[in-house]
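Reviewing the structure listed below.
Please treat every number below as a calculation from the coordinates, not as lab data. As the structure is a prediction and not an experimental result, all values here were calculated from the model. Don't worry about glycine lacking a Cβ; one is built from the backbone with ideal geometry, like all the others, and counts go over all protein chains shown.
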Amino acid sequence: MSRLVPAPLQKAALLHDAAEAYLGDVIRPLKHLLQPRYGELGALWERAIGERFDVDPALFSHRDVKHADRVALMAERRDLVNLTRLRDGGDAWAFEETATEEVPRLRGKIPAHARVDFLIRWNAVTGEVAK
């Protein structure tokens, strides 16, 4: 999704979900139930991550980053998820955005390959060699 935002936001786009490495990737309904504490913990982690990687934590929630995240989610729906309907026939992925042709087709990857791809993109965006 870092390719979907302007250059000044690309680093933030790469790190926008980094707090989930510490808090876990929690589904939206559970996040709402865990408020306000989950949000407070997320903000603490985002500040620490922003400080470590020299990114203003507010950029993780920038409207362009959020939009790119939803577009990427729609690309995941299009390319990686077979079941997209709830039992009652409603759309489980209801968002305004859709995956457009500017979002390349996605292929599932094993974690080691995804890690290498991330590190290559990190280097391209930041000029830093990550390990």
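Overview of values
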item	result
Ranked 120, 110, 49, criterion: other C-beta atoms within 10 Å, fewest first	110, 120, 49
Inter-site label distance for residue 107 and residue 126 at 7 Å from Cα along Cβ, in nm	2.7 nm
Sequence ranges 1-8, 112-119, ranked by mean other-Cβ count within 10 angstrom, highest first	1-8, 112-119
